[in-house]
Structure formats: structure tokens, C-alpha cells
Protein chains: 2
Amino acid sequence: MSNNMTTNLKHLILACQNQGVTHFVLSPGSRNTPLALLLAEQKVDLTVAVDERSAAFFALGIAKQTKQPVALVATSGTATANYAPAIAEAHSFHVPLVVITTDRPQELQEIGAPQTIPQRGMYTTNVKQFLEINVQEPHPDVTEYIEYQVQQLVHLSQLAPSGPVQINLPLRKPLLPTLGTSWPSIALQTFGRISSRLAAESLAALINRLIHRKVLLVLGPTNQAYPMPQLRTVANQLQAPIVADVLSSVRGELSTFTPHQLLTIPPELEPDIVLRFGGTPVSGKLLPWLKNHHIPVMQVGDAYLGQDHSRWAHVSYNLSAQDFLTQLAATNVSGQPNYQQRWQHHFNQQHPVPTTLTAQTLPVLLAQAPQVQQLFLANSLTVRNFDQAFVPHHPVQVAGNRGANGIDGTTSSAVGMALNHVPTWLVIGDLAFFHDLNGLQLARQTHVSLTVVVVNNDGGGIFSLLPQAQAPHFEHLFGTPQELNVAAVATLFAAHYQRITTVAELNHLTTTPWTGLRIIEVQTNRTELAQEYPEGLS
Amino acid sequence: MSNNMTTNLKHLILACQNQGVTHFVLSPGSRNTPLALLLAEQKVDLTVAVDERSAAFFALGIAKQTKQPVALVATSGTATANYAPAIAEAHSFHVPLVVITTDRPQELQEIGAPQTIPQRGMYTTNVKQFLEINVQEPHPDVTEYIEYQVQQLVHLSQLAPSGPVQINLPLRKPLLPTLGTSWPSIALQTFGRISSRLAAESLAALINRLIHRKVLLVLGPTNQAYPMPQLRTVANQLQAPIVADVLSSVRGELSTFTPHQLLTIPPELEPDIVLRFGGTPVSGKLLPWLKNHHIPVMQVGDAYLGQDHSRWAHVSYNLSAQDFLTQLAATNVSGQPNYQQRWQHHFNQQHPVPTTLTAQTLPVLLAQAPQVQQLFLANSLTVRNFDQAFVPHHPVQVAGNRGANGIDGTTSSAVGMALNHVPTWLVIGDLAFFHDLNGLQLARQTHVSLTVVVVNNDGGGIFSLLPQAQAPHFEHLFGTPQELNVAAVATLFAAHYQRITTVAELNHLTTTPWTGLRIIEVQTNRTELAQEYPEGLS
């Protein structure tokens, strides 16, 4: 049986080969021993060049001639610094190189160990991307990550303007791989470098060949507006239901379903293929669900491409959604008749209008208020609540800071959104609200119309739904109650303040015109959260 | 009259506005005083936000809503570090931000000055590009650079995937700008974000409206192969002469002219418009010539876009050359009849075949040797000599390390090129040859067929053509004679060696089949260079 390092390095080598690396240039040393032996075993096209500076310029020459990325493999220390001149040249002339540097493990860094220099990001902006992978970590996700991400990286090196990329591999002794064992087969990732028309036509041909032709569209968060006419046309033509993230801003424009609904779909309604647009969904369960159900995912877009931490989208079209959908509509593609209708029928039952005001009913109640047209959602529990239950039947611009998912700066961003003179609603927990009190000053100063709904459960609610909920010191370390006097905050920033407890009070607020800054407090109970989310967050 | 800082900051503000920045968010301090006052004078849409963290998240909100880049302006020190969280969010969610940080001047760095922290590249890979501009330097190129490069940068922030960029501005007291003076008008740079078809059609319409319709194609170095059929078709349709860089590898495929010839063209043959493809030409005079003659340049390409240090290409189409040319050929565009022919007629005179072997005649002689099919050219003098005089009438793959233009690693790169089993010629000066002796080991080891022509003038020839040629200590500092025993090098690396002095000897070499490694020495005289290049390098 292979050891863990061997398996992972085999995946790394195969991932390079999958994306067009045929030639490896190795400058041997102790630290890159396992790669050296495995490259020889795999019988790759291999040149051994003892002088690393020469090796890198040699690789450059091969890549210039073949127009293919060439891989370099160095041992640790100054060896890697000898690559720098050729990497600079490759960066300036747009030559794809995959620079693999081996390194000492973490316990030998900055402590006087021999042949150890800082190798992380050492080529600075001369490489298009830097990746460090600990191939000796025995977690299966690492192996799958290598298979996925190394292919992305090698592909990136070839995307215009092409250029070098670096992979740094800290390796701990013993450095001998297991030789003579079988090599895995790894999934080929396909990156559409074809035109919108050809991509659409090939996808149409594929869909038309499916036995059941059940196509699902998944729309993630986006910073651009989705092209509504094209989406509508394609969804109709394919009879495809649309699962839309709350931050897609599409829910009020088209008939859509929530990620939460997808997770509960009966087997006969499961899609055969998914076309995925936009960024990482708010729902943490959506992408893993698609993967666990082995439903093929095609990713389309010019911004979020390759951003798939589920590592399941094996075809990625680097095309604008609008171009692609326009071309897809022009094909003879057809989906299963009534597939969309069967979804609608399945989820048909009417939910009664909530009669109490809680963190969970707030999204449902606001969805029914046509005056709510612009909405900013704070992390972390708020945006998830809304993703689950906010399905308006009128257009709503919905935004949130869902790139890095911080709770900092939320109010300021909502004020920025409100600067367009559209009355804006911000729904925010007390912790995120406290974090960016100064954002209220901007609201006051810019005279925007902003309603801040503070869902106050006196602390960090989301932690009650995470594994540490039962840990010692929970309240002190995670609950972090701030005993925030929301009314006093309102006074400080000259905002109108109101605490509401009933649906009627909320309805009054949503139906009465308002200008300026107001803060609405809804007190909820953090200790009840675990009961309200028996299955955790979706 | 405006002071220099004022002029440059006005250009910076206007450049931002030209590329879509309408809103500026300022967090005041001492160091950003001049920007603050000028932004107010220009009456931009300005928000003053005293808390920088809040300011940055606010700008993020505006950009999310408007889908336009928003500019941030901070004073120096920890103020700039407060932008970091929102910049990280903008990077992850692809939101365009133009982050302008003001800084202390160089003499206050790392010396205990107040409010001074390392601001260069402080946002690491969370920004798409970092630029530092000293706006107080009184050189006119700086002003023009700001006008050009800031527009490039703001455009870059909006290219998919969009994201933040940083401009750091070191400023020295006094910090008061000159107010109440007129604002310059700056050239709008146009970045084609349209399809190949529309770009081609609009260009065709423009050309067809020109009085004289004299169109010139300029092909720079490239790491991709130029699309010959499309080039041929378009050149014929437009009756456009082609000026081809030696590293375009096109000279032997199509009838082309050299950059050197363009520089000597009579006024009546000057083009009305230039379509420029590929990277920075080897000739240092080509782009300045186009600029000095006020000939509009349209740049086309998906790799080298914006790489125009002449700052003269005001329209840049981010399209592949092949797509663009295909679409252009499909239009009804037509150039001046016989324009190509008039160039051919002008340069018609036959040059006699050289009868002596020198550094200058070597390119001419090798151009007439059909067996020379793959050629690597070293920096610096060699590639320039060849750019001027190497015009083969048969296809030749020509390569050189012309991204960062180093003399290091040349032989290794040539060996990499030769790995495709095509006999390869490397022409190299003695200094570059010495620099990468170890590359010869790779040639020996990989059994490539490589002819290394060492043009040995015992030192750095190009310096004799640069201003320091008359400086004291020239020979010691720039001439750097190495007294290299080329024959001994050949012995060391088991290469065949021959020193040649005549054209007949060279002709014998180019017409006799050869396998393996050989080193041919051509001794030349460095002290005669100034006479051989009376007008300097072209």
C-alpha cells in the first residue's frame, strides 16, 4: 500500500499531466527525492538539470517552443532562488511554467535548519498564483484538493496572459515514496476555452442525449446583475427549475426555489445535470448535496470560475453568463417537459402567514412587504435565515458581504448601498451591529433612508448551532453577550428608535413611508436557537 | 501656475473619472490634504468618512449597488491598515475598488517618523495590482504616465474577475496644492469590451472613413503563433504593409518590412493608422516613432494588452488576434489601393550579398540559408542586429528571452527550444555565452542538435553604443573583457569547435547537415561598433 505522501504526489503529477504538462525538469536534491523517484516511475518526459538557473531557462525554452506549460522541480533552499531570473522572464513574456519547490516542514522554519529559506510567495508578483500543499497530511480532502486545485493552477498558468505559478511542498523525513504500487486515475477537469456558441451547442447536444433531461439552474450570489430575459428564456426552454441564492437578487424576478428546498427534494425530482452560475452559495449544504448525489455540475461565468470548494464542477466555461445563455437559447436544446411544473407542484402547499415575530419569521414577513425593495443582510445567522425563508414575489435588490463573510463593516456597506436614494432595509444581529457602530454615523451624515432591524439575542447566535455549543466556558468565549443598549445607540447617532414584538408592529413599519435613519430592535432568545434549527443550518 | 504635485494629482483624479469612478470616499488626515482639496475643487461625488474601516466598507456598498469602481483616499499610517478587511471582502466578492493611500516620502521610511508604516504592497494578493507614483517628481513623463497608467489600473479593477487595486502616493511637505487653476483635459483610453465582431465592424467603419486609408500592421514579439491565414487575408484586403519584429517569427512566412525600414519611410508613405499586435518590439525606436509622428495606434490582443510603455495606444481591444482578424476579414473594410505595393516599390533595391563576415553581416547571411529553420537570439546586441537585418525568405521559428531582456540563461533556453529535434542555431555574444556556460551541459546531455555561434568581441558590446561609451573607467566597468577561451569551453563540454572568419566558411556550415553540439566562434572588434552604428541602435 502507498503511503500518504506517495498517493498525494501521484495525484499532483497526474493533475499536472491532465492539464497539459508533458515535460518535467528536475534539479535533484535531498528534499525533492520523492518527486524525483515518482516522476521516473511514471516515465514522464524528464530532464535532469543540476544547475537550477540553467534548468529554469531550459524549461522556458521548451515552453516557448511547445506552447505548453513545463514543470520545474527544485529541492529546498537557495536552489529555489536560482529559478527567480527565468520566472521573471516567463512572467514578462507570458510563458506558462509550473514551479514546484520542495521545502522543509514547518518545525524547521526560521530556526536555523540547513538549506531552509522563506519559500512562501518568494517569487512575489512574478507568479500568477502561489499554493502551498502539505502532501503528508493524512486527510482524504487533501488528496481530492490536490487533484482539483493543481489542475486549476496549471490551467491558470495558460490563461491569457499566461505565466508562471508556484507550488511549495513542505516535506518531512522520511522522504522515500512507496514505489511499485499502482497509480490512481484522476478526473480530468475541462475548461471551456471555446466560444459561447460552441460551448452552448455542445452542452445542448449533451442535454438532448440524457435519458431524463432534468436540468436544474443554480444561481449563486453575484456582484453583477443576472441577465433576466436570457435566464427566463432558457429556464422556459429547458423547463428547468431555478434554485436561487438569496444574494442572487433573482427570487423576486423569476419563479425560483431555495437551496433549502433542493435539499428536501424526493429522488424522482432530482436533476440529471446542474448549470451553476455565480459565487459560493450562502447555503453551506447546497454544493455538498450535489456532490453527494453525484449530480454533474457545469459551472459558467467569467468571475467565479474555479471557485468551487466542493471540488465537484468538472467542466468550467470561462464565459459571461449572458453570452452563454443567449447562445444556449438559440440551440434546439430541450429539457424534460413539465420538470419545472413538477417542482412547483411538489412545493405547492401554502404556508400560513406567521403570527409571531421571531428571527425565523422575520424573513417571511419582510418577503410579503412590497415596500421592501432594497435589503442588506448581515453575517452570519441573518443571511442564512433569509436564504432559507426570504422568497419575495416582488423585485428586491439583496446584498451582503459574502466574499469573505466577515461581520465587520456591515452597516457601512448598507449605507453605501442606500446612497442611491432607495429606502433600504438592513437586517443585522446585535454582534455585527455593535462591531460597526461607526457606520451609523455615515448614515446620519449622508441622510440616507435606512431601516436597521437589529435582531438582538445578546451575543453570537450562530455558535449555538456549532459543535462548541456544549463546550465549557461557552457563554464567555462564544456567547459573548454585550448587553448592548440599542436605544442608547440610537440616541448617540440621532436615529429614531423602536422596539417591536408583534407582527402588527412590523407590518405598520413596512407599510408606512419613512425617510432618514431608524433602528428597530427585535429581541430574541439565543438559548432557543438549537430547538429552532433541529437539523442545523442549511 | 499649478505646482507639479497639483498637476499630477489632477491627472490622477481625471484618469479615475475617465474610467468610471464617480464616487470618492475620503478619510481626511494631514498627508492626503492635497487630494482632499483637489477632490473638493473638482466637485466630485465625495463622502467624508472619518473612520477608515467604516469608509472602506461604505465604498464597498456603493460599488456593489452601482456596479462601478469607487475610490478610497486615506492618509498615511494605520489609517491605511483599516482598509484591509473591506479590501479582503472586495477581493473575494470581486468588487472594484481604487484604493489610494498617501504615504510619507522616501526619506521618512523605516527611520522612526510618525504615522509611517510599510504601505507598499501591504494588501498583498488581495489587490489585483499595486502602483506607487511619486507625483512630486518634476518630469513630464510622470504626468503622462499617470494619465495612461491610472486609467489602465482602474480599468483592470473592472475586468473579470473584478477587484480592488492600490495606488500609493508618497508626498513630501509642503502639502498644499495650488487651487483655483485650470484643470487639464486628458485623453480617454478606450478598452474594447465588445465582441470581436463589433470591434472589427467599428474599426472597419473608421478605416473606410479615413481620407487616405493607409493602414499598417505592426507585429511584435509573441509567445503564441500568429494566425497566418487571417493575417494574410487582412493584409491583402487592406493592402496593408506589415512591419514585423524579428521575434514575431512571421518574416519568412509573409512579405514584411523591418522596424528599421519604417523609421526611414518618406512622409507620403507614412500610415494613417496602425494595428498593433504582440508584445514590446525589440526595436526601441518603433513605438516612439509612431508617437512622435502622431499616428493613431490600435492595440489588439489578449496577453500584452496595456503593455505600451510609449503610452500611445489609446484603444485596446482585449480580444484574441485570430478572432479579431477573422471578423475584420468579414467586413467591407478596404485600405488605400497599392499602399502595400508602394512600400514594396520603395524598398525594392536589391542589397548585394555581403562578402565579409561581421556581426552586422551575420543576420543577412543566415537569412539566406534555408537550412536555418530554428533560431534563438541572445540579448542585447545580437537580437537587435537580427531585428534590423534578418529577413529570411523561408519560414524560421525565432525565439529570444525578450520579456525581461536578461542576458542570463540564454543557452539553456535555446537547448529547451532544440528539444523538438529540429536543428537549432543560437547566436550569442561572448558575455551572454559566458554567463550561461552550464547551459552547454544540458545540450550535451539532451543530445540536441545545436549550433552556437559566439560573436566574440571580448566584452559587452552594447555599452559602446550607450552614453557611457566616453566615460572614465569604461573598459573596467562596462567593456568587461573576459578573455574567454571559447575553444576551451568547447573542450570542457565535448562540443565541436570551429573559429570562422569568412563567408565561405559560414556557408559551408549552413549547407552541411549537422547533428550534436558545435560552437562556432566569430571574432569581431568591439571598438569599431560606434562606426558601424552611426545612428545608434534602432
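The values are calculated or read from the model by the stated rules, or taken from the named source; none is laboratory data. Since this is a predicted model, take the numbers as computed values, not measurements. Note: ideal-geometry Cβ built from the backbone for every residue, glycine included; neighbour counts use all protein chains shown. Note: areas computed on protein heavy atoms with side chains; ligands, DNA, RNA excluded. Shrake-Rupley method; radii C 1.70, N 1.55, O 1.52, S 1.80 Å.
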A careful count of residues in segment B:21-45 that are within 11 Å of another protein chain (Cβ to nearest Cβ) and aliphatic (A, V, I, L, M) gives 1
Looking only at segment B:445-481, count how many residues are among the polar types (S, T, N, Q), open to solvent by 60 Å² or more (accessible area, probe 1.4 Å) and on the phi > 0 side of the Ramachandran plot. 0
Would you mind stating whether residue A:319 is assigned to a loop (DSSP other than H, G, I, E, B) and within 28 Å of the chain's Cα centre (by Cα)? yes
Picking from A:491, A:515, which residue would you name as being surrounded by fewer than 17 Cβ atoms within 10 Å (Cβ to Cβ), in contact (Cβ under 8 Å) with a residue 12 or more places away in the chain, out of contact with any Cys (no Cβ under 8 Å at 6 or more places or on another chain) and over 22 Å from residue A:388 (Cβ atoms)? A:515
Kindly list, by first and then second residue, each pair from a residue in segment A:392-405 that is free of Cβ contacts under 8 Å to residues at least 12 places away in the same chain to a residue that is of a type outside the set (S, T, N, Q), limited to pairs with Cβ atoms under 6 Å and residues at least 6 apart or on different chains. A:404/B:88; A:404/B:89
Quick one: would you say residue B:307 is open to solvent by less than 20 Å² (accessible area, probe 1.4 Å), under 16 Å from the mean Cα position of the chain (by Cα), among the polar types (S, T, N, Q) and under 22 Å from residue B:190 (Cβ atoms)? no
Please count how many residues of segment B:65-89 are within 11 Å of chain A (Cβ to nearest Cβ), more than 20 Å from residue B:17 (Cβ to Cβ) and within 34 Å of the chain's Cα centre (by Cα). 6
Does residue A:169 count as modelled with pLDDT under 95, crowded, with 17+ Cβ neighbours inside 10 Å and among the aliphatic types (A, V, I, L, M)? no
Hey, residue B:151 hits all of (1) closer than 26 Å to residue A:225 by Cβ; (2) surrounded by fewer than 18 Cβ atoms within 10 Å (Cβ to Cβ) but one; which does it fall short on? (2)
Close pairs (6 angstrom Cβ cut-off, 6 or more residues apart or separate chains): within 14 Å of chain B (Cβ to nearest Cβ) and more than 19 Å from residue A:380 (Cβ to Cβ) in segment A:271-295, of a type in the set (Gly, Ala, Ser) and open to solvent by less than 50 Å² (accessible area, probe 1.4 Å) anywhere: A:277/A:301; A:277/A:321; A:278/A:220
Among the residues of segment A:443-466, the number that are part of a helix (DSSP H, G or I) and at pLDDT 95 or above is 4
In this structure, is residue A:490 at pLDDT 95 or above, away from chain B (no Cβ under 14 Å) and part of a loop (DSSP other than H, G, I, E, B)? no
Go through segment A:214-226 residue by residue and tally those that are within 14 Å of chain B (Cβ to nearest Cβ) and open to solvent by less than 30 Å² (accessible area, probe 1.4 Å). 5
Just checking, how many residues over segment A:313-346 are surrounded by fewer than 15 Cβ atoms within 10 Å (Cβ to Cβ) and closer than 26 Å to residue A:260 by Cα? 5
Filter segment A:23-43 down to residues that are out of contact with any helix residue (DSSP H, G or I) (no Cβ under 7 Å at 6 or more places or on another chain) and more than 26 Å from residue B:418 (Cβ to Cβ) and give me whichever is least open to solvent (accessible area, probe 1.4 Å). A:31
Give, as residue ranges, the strands (runs of 3 or more DSSP E) completely inside segment B:117-213 that count at least 1 residues that are under 30 Å from residue A:302 (Cα atoms) and either within 13 Å of chain A (Cβ to nearest Cβ) or in contact with a Cys (Cβ under 8 Å, 6 or more places away or on another chain) (or both). B:130-132, B:164-170
